[in-house]
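No value in this document is a laboratory result; all are computed from the given coordinates. Everything numeric in this text was worked out from a predicted model, so none of it was measured. Methodologically, a virtual Cβ is constructed for each residue, glycine included, from the backbone with ideal geometry; neighbour enumeration extends over all protein chains shown.
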Amino acid sequence: MPETFVHKFDTPVFKGTVEIPTGIFIDGKFIDGADGNYIDVVNPTNGKVITRVSEGTPKDVDRAVEAAQRAFDTVWGHNMPGYERGKLLYRLAELIEKYQDEFSAVEALDNGKTFAWAKKSDITMAIGTFRYYAGWADKLHGNTIETSKDKIVYTINEPLGVVGQIIPWNFPLMMVSWKLGPALAAGNTVILKPSEFTPLTALFAAKLTVEAGFPPGVVNVINGYGSTVGSAIAHHMHIEKVAFTGSTLIGRKVLEASAKTNLKDTSLELGGKSPNIIFDDCDIEQALDWAIHGIFWNHGQTCCAGSRIFVHAKIYDEFLARFTERTKQVKVGDPFSPETYQGPQVSQQQYDRVMEFISSGKEQGATVHLGGERWGKEGYFIQPTIFTDVHRDMRIVQEEIFGPVGVVIRFDDDDDVVHQANDSIYGLAASIFTKNIDRALRTSQRLKAGTAWINCANQLHPQVPFGGYKQSGIGRELGEHALEHYTAVKSVHINLGHKP
Ligand code: NAD
């Protein structure tokens, strides 16, 4: 029998107890993995083990696929009208809302993000996303198409069947909602693999799917490593589609796995190195607020982080001085303190990775303008860091750091900044700060990015598509667009007397 994680929180922002089953969730039940192994879950604030979860295996993926196929064939897919599926999604949203403090606390404990931001962004977004897709469940209409007088053709948007979903650790529950919401609304059954670093809120949500009334086998959650469970999902011959969010490196492997097996539909949400462009005619106060949020929100562990900050030469000195002062005010510390803005990086691996990038910046001749060191004595904290004197060939300018590290770069004119901003293998998002609407819109058109934020940054809404150009991904999540990844169009021709 799998264990239950029971944790009593006694913090300034939340007091209460949570109980989360730690098994893998297949066919509506929490069970141990086939090999009986476990994965430790670590608190990034102090490096101590919080609990352990059952480790899934490829055999468990097979069992989950069987359960999901059975559910699809008997109680889900064509067997349950969209309206009923929508009701279940609404109920799940309500339950997450009921436990929003518990979810926020577990996210803070497991991931290191602050309780306040977990509640304000991650959990709120997850609730909103489930509600949004609940509304879509009975609105996936097809079309009728006129071809000739003695024929009627209509289309239906059918669910694909069993889909696999692989998610990262930076927004654990939010990623669950971005994945489950559209897949379930469209009538698919799901095998979801959370990150091995942050499995707890996905398991909490799995527990609530039972309470919400989802039939067994519709949602399956398998904790496990990427090289075993993730790879088994990507290679599975009976999984019709895989949706992956994570690094470009692994996204490539997932696409290769599809090509080598059953050519499953593959959507990818990958990395970024987003430009944040500060023109000389901007509202500088507003640009400063958003530039801080752009790079330091979620400790820089945001795929769309505004990590390359381009500042017009005319205001470069003033902006850099004020940005430096603001960065000094970014409060690092305990995720459960109401004053904290930046908690620890998620894991020892990520801490080492970010520190290695900082060393590479120094070695390649960039100036550490601020920060650049460990913060505190324990846990995986890193000082908010600003680099200047950088050039395009440096790793810190080209590669995704995924930490609280921004590079500030001077530019001279609009052509120059568009050229520099597009000089990246990525194309996820971009921010533009100017009071001139023509300049804002012209620049947004010229940037190769899936999202352009004008006078803001890191804004996500369930209704608005999100995804990348270039090596930032394939396809779009959220909004109506996400549903296209979870449906197949069937054309039905009805003959009214037409002869061959
Ligand atoms: P990662 O690529 O290391 O892991 C992502 C997921 O893939 C994890 O669940 C992991 O276990 C699994 N995985 C690892 N190896 C696998 C394999 N061989 N086959 C199948 N699955 C495998 O990424 P991460 O470190 O968890 O997350 C950070 C990355 O995610 C960053 O690059 C970030 O930009 C990206 N990200 C992108 C978006 C977006 O919407 N574009 C959102 C969040 C994060």
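Rounded to whole Hz and in sequence order, give me ³J(HN,Hα) for segment 345-353 from the Karplus expression 6.51 cos²θ - 1.76 cosθ + 1.60, θ = phi - 60°, writing x for Gly and Pro.
The phi angles translate into 5, 6, 7, 4, 4, 5, 4, 4, 5 Hz.
Using alpha carbon centroids, what distance separates segment 14-53 and segment 118-194, in Å?
Result: 27 Å between the Cα centres.
Nearest 10 degrees is fine. How inclined is helix 58-74 to the longest principal axis of the chain, computing both from alpha carbons?
It works out to around 50 degrees.
Enter the Cα centre distance for the pair segment 427-449 and segment 212-258, rounded to the nearest angstrom.
Distance between centres, Cα-based: 35 Å.
State the antiparallel share, in %, of DSSP beta bridges confined to the chain, rounding to the nearest 5.
If I count the DSSP bridges inside the chain, around 50 percent turn out antiparallel.
Less than 19 Å apart at the alpha-carbon level, and either on another chain or at least 8 residues along: which aspartates and glutamates does that give for K139?
Excluding near neighbours in sequence, the set is E84, E158, E477, E480, E484.
Cα axis of helix 437-446 to longest principal axis of the chain: angle in degrees, 0 to 90, nearest 10?
60
Identify, among Q165, A205, T189, the residue whose Cα sits farthest towards the positive end of the charge dipole of segment 117-237, taking +1 on the Cβ of Lys and Arg and -1 on the Cβ of Asp and Glu, with the dipole about the Cα centre.
Of the listed residues, the answer is A205.
Which value does Rg/Rh take for the chain over its C-alpha atoms, Rh per Kirkwood?
In the chain, Rg relative to Rh is 1.00.
Sort segment 275-461 into rounded, prolate or oblate with this rule: let a ≥ b ≥ c be the square roots of the eigenvalues of the Cα gyration tensor; rounded if a/c is under 1.5, and if a/c is not under 1.5, prolate when a/b is larger than b/c, oblate otherwise.
Taking the square roots of the gyration eigenvalues as a ≥ b ≥ c, segment 275-461 is prolate.
On a straight-distance basis, which aspartates and glutamates could pair with K470 in a cross-link, Cα separation under 16 angstrom, same-chain partners fewer than 8 positions away excluded?
E269, E399, E400, D423
Return M237, M174, M394 ranked ascending by Cβ neighbour count within 10 Å, so the fewest neighbours appear first.
Fewest to most other Cβ atoms nearby, the residues stand as M237, M394, M174.
For segment 101-108, what does the Karplus curve 6.51 cos²θ - 1.76 cosθ + 1.60, with θ = phi - 60°, yield as ³J(HN,Hα) per residue in whole Hz, taken in order and with x for Gly and Pro?
Here the 3J(HN,Hα) series is 5, 4, 4, 5, 5, 5, 4, 5 Hz.
Extension gain E94-E363, at 0.36 nm per residue separation less the Cα-Cα distance, in nm?
Extra length available between E94 and E363 comes to 91.7 nm.
Could you list the GluC sites (Glu not before Pro) in segment 258-339 that lie in coil according to DSSP, counting only those with at most 13 other Cβ atoms within 10 Å of their Cβ?
Sites meeting the loop and neighbour criteria: E339.
Give me the one-decimal nm value for the distance between modelled label points at M1 and V153, 7 Å along each residue's Cα-to-Cβ direction.
Once both label points are built, they end up 5.9 nm from each other.
Quick check: pseudo-label points 7 Å beyond the Cα along Cα→Cβ at D416 and R322, how many nm apart are they?
2.1
Report, in degrees rounded to the nearest 10, the 0 to 90 angle that the Cα long axis of helix 248-260 makes with the longest principal axis of the chain.
Around 30 degrees separate the two axes.
Please compare each pair in K151/K264; K193/K241; K120/K179 to a cut-off of 25 Å on the Cα-Cα distance and tell me which ones are over it.
K151/K264
Would you mind working out the magnitude of the charge dipole of the chain relative to its Cα centre, with +1 at each Lys and Arg C-beta and -1 at each Asp and Glu C-beta, to the nearest 20 Debye?
Here the size comes out at about 780 debye.
Using only alpha carbon pairs under 8 Å that are at least six residues apart, calculate the relative contact order of the chain and give it in whole percent.
It comes to 17 percent, rounded to a whole number.
Please report the antiparallel percentage of DSSP beta bridges with both residues in segment 275-461, rounded to the nearest 5.
15
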